[in-house]
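To keep things clear, I will list the structure first and then write my remarks on it.
The values are calculated or read from the model by the stated rules, or taken from the named source; none is laboratory data. Quick caveat: nothing in here was measured; it's all calculated off a predicted structure. Don't worry about glycine lacking a Cβ; one is built from the backbone with ideal geometry, like all the others, and counts go over all protein chains shown. Accessible surface is based on the protein model in full, side chains and every heavy atom, while ligands, DNA and RNA are left aside. Shrake-Rupley method; radii C 1.70, N 1.55, O 1.52, S 1.80 Å.
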Amino acid sequence: SLPFVLASVAVTRSWRDLKVVRWELHLVRGMLALVMLWGFVAAVSVLSLADAYAIFFIAPLIVTAVAVPLLKEHVDWQRWVAIGVGLSGVLWMLQPGGSALNLYGAIGALASAVAYAFASVSVRVMTKTESTVALVFWFLVLLTIFAGLLSIPNWVPIRAHWWVTPKGSTP
C-alpha cells in the first residue's frame with residue numbers, strides 16, 4: 001500500500017500533510033499494528049480461518065467498550081445489549097466446549113482484536129493533530145519497519161524459480 005500512498009501524495013503535491021505532530025502516538029499505533037499482525041498470523045497458523053475470524057470479530061465490540069474510559073464516550077444500554085448479543089454470537093460461532101480450540105491461536109486472535117481496537121481508538125485521538133495522509137503513511141511505514149526488523153532472523157529470499165509456474169499447473 002505504501003507505494004500507492006506515496007504516489008497519491010506526489011500527484012496531489014501534499015508532502016506537507018505527512019508532517020507529524022505527535023510521534024509518540026504514531027509509534028504506539030505502529031506497535032499495535034505489529035501486535036495485530038503477529039496475533040492474526042499466529043491465530044491462522046493453528047486455527048481455521050473461520051475460528052480466527054470469529055474471535056477477531058469481537059474487535060468492534062472492544063472498540064466500543066474501550067471508547068468509554070479512554071474517550072469519555074457515553075454508551076447507552078441499547079448498545080451494551082447489542083455488544084452482548086454480538087459477543088454471544090461470537091461464542092456461538094466458536095462453540096466453546098464443542099471443539100478443542102487451540103489456546104495459542106485463540107490468544108493470538110484475541111491479541112489481534114485488542115490491538116485493533118486500541119489502534120482504532122488511537123486514530124480518533126490522533127485526528128485532532130494529524131492529517132489523514134499522515135495517519136495512513138506513518139502507519140504503513142512503521143509497520144513495515146517493525147515487521148521487517150522482526151523478520152530478519154527468519155528471512156528467506158525469494159528464489160528465481162519460484163516465479164516460474166511449472167507447465168500443466170495453474171498459479
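If you sort M36, M93 by accessible surface, 1.4 Å probe, largest first, the order is M93, M36. Length available on full extension from W23 to L87: 0.36 nm per residue minus the Cα-Cα distance, which gives 19.6 nm. Put a dot 7 Å past the Cα of V125, heading toward its Cβ, do the same for S48, and the two dots end up 3.8 nm apart. Against the set [x] 19.7, 61; [y] 15.4, 48; [z] 16.2, 52, the structure's computed Rg and Dmax of the Cα atoms in Å falls on [x]. Among I158, I62, the sequence by solvent-accessible area, most first, with a 1.4 Å probe is I158, I62.
Expressed as a whole percent, the accessible surface of the chain that belongs to carbon and sulfur atoms is 70, based on a 1.4 Å probe.
Using 0.36 nm per residue and subtracting the Cα-Cα separation, the extra length available between W77 and H161 on full extension is 24.4 nm. Near F118: Cβ cut-off under 13 Å, other residues only, Lys/Arg at +1 and Asp/Glu at -1. The net charge is +2. Only helices enter this figure: runs of n ≥ 4 DSSP H residues, each worth -39500 (n - 2.57), summed and divided by the residues of the chain, yield -23000 deg cm²/dmol at 222 nm to the nearest 500. I need the helices of the chain that pass two filters: whole DSSP H segments spanning 18 Å or more by Cα along the axis, and mean Kyte-Doolittle score no lower than -1.0. Helices meeting the criterion: 23-46, 77-94, 103-126, 132-151.
For the chain, the Cβ-based charge dipole about the Cα centre amounts to some 460 debye (Lys, Arg positive; Asp, Glu negative; other atoms uncharged). The residues of region 24-152 present an accessible area of 56 Å² per residue when probed at 1.4 Å with all protein chains retained.
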